[in-house]
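Encoded as structure tokens, the structure appears first; notes follow it.
Laboratory data are not the source of any read-out in this text; all were calculated from the coordinates shown. Predicted model only: the values in this text are computed from it and were never measured. Cβ placement follows ideal geometry from the backbone for every residue including glycine, while neighbour counts extend to all protein chains displayed.
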Amino acid sequence: MRKPVIAIDGYSSTGKSSISKIIAQKLGLVHLDTGALYRGITYFALNNCLGANGEINLSDLFNRFNEIQLEFKLVDTELVMFLNGQDISTEIRTNQISQNVSLIASQKEVRDFLLDAQRSMAEKGGVIMDGRDIGTVILPKADFKFFLTASIEERTKRRFLELKGLGIETDENSVRENLVSRDKTDSERAVAPLKKAEDAIVIDNSNFTKIETIDLILSHLSHF
Ligand code: C5P
């Protein structure tokens, strides 16, 4: 029996990735956190493509895509992001990456570079993919589309605790500012902006636990 293709989009820190991961485990699907791909490219750019004033040199980055190999590998039970053989799963969560990733993700060249890899993962079905443009651009024919949202206060709290858990030093104000600024850049960019697909089911999970959000999504999937 064919397994479903599920697109989960939404604002930063609405729990898209952790929720998708648990649903994937429950249903035997492959989970792809597409945000990690954009973060991986940002990590490469910050380490290899800086101009004289310390800013990212975008044309240098575009010329060096052939040096970038991003892979998810299974380590224990976790899918871990590797860049050219190096585990960068913690590095891609730092403030520096979060502050630069939306600029990188707004570039058409970057999005084109990642497009085929994302689409080919869904060809055989059995995939849950989370991001910003999955239901609108990457997998417009997905069997199910969800769009997650939550209040900025709740999202700030969640991201702050997540970073604390990873041992990354920060404060709630900077976390909030970063979320607001990324949502704005992601929603306003010309290419594949963050947007609800017309046929997506909207879930505001401000007052839901993770488990409650998962159960709600599973209830929609039960008729597949
Ligand atoms: O999901 P996460 O917060 O890790 O995503 C980091 C950034 O990657 C987003 O703020 C956005 O700029 C970019 N992104 C995107 N399209 C996706 C997934 C992420 O533009 N499908």
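Tabulated results
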| read-out | value |
| --- | --- |
| The range 20-162: relative contact order in percent, alpha carbon pairs under 8 Å with at least 6 residues between | 29 |
| Gain upon complete extension [Ser59, His220; 0.36 nm per residue less C-alpha separation] | 53.6 nm |
| Binned Cα-Cα distance frequencies in the range 5-221 - 5 Å width, integer % | 1, 7, 15, 20, 21, 19, 12, 4, 1, 0, 0 |
| Selected from Ala45, His220, Ser18, residue furthest toward positive end of dipole (the chain; charges at beta carbon) | His220 |
| Spin-label proximity, Ala52 to the range 98-114 - amide N less than 14 Å from point 7 Å beyond Cα toward beta carbon | none |
| Backbone HN-Hα couplings from phi across the range 19-27 [Karplus 6.51/-1.76/1.60, Hz, Gly and Pro as x] | 5, 5, 4, 5, 4, 4, 5, 5, 9 |
| The chain: calculated mean residue ellipticity at 222 nm from DSSP helix runs of at least 4, using -39500 (n - 2.57) | -14000 deg cm²/dmol |
| Within the chain, longest stretch free of exposed GluC sites (Glu not before Pro) [DSSP loop, at most 10 other beta carbons within 10 Å] | 1-122 |
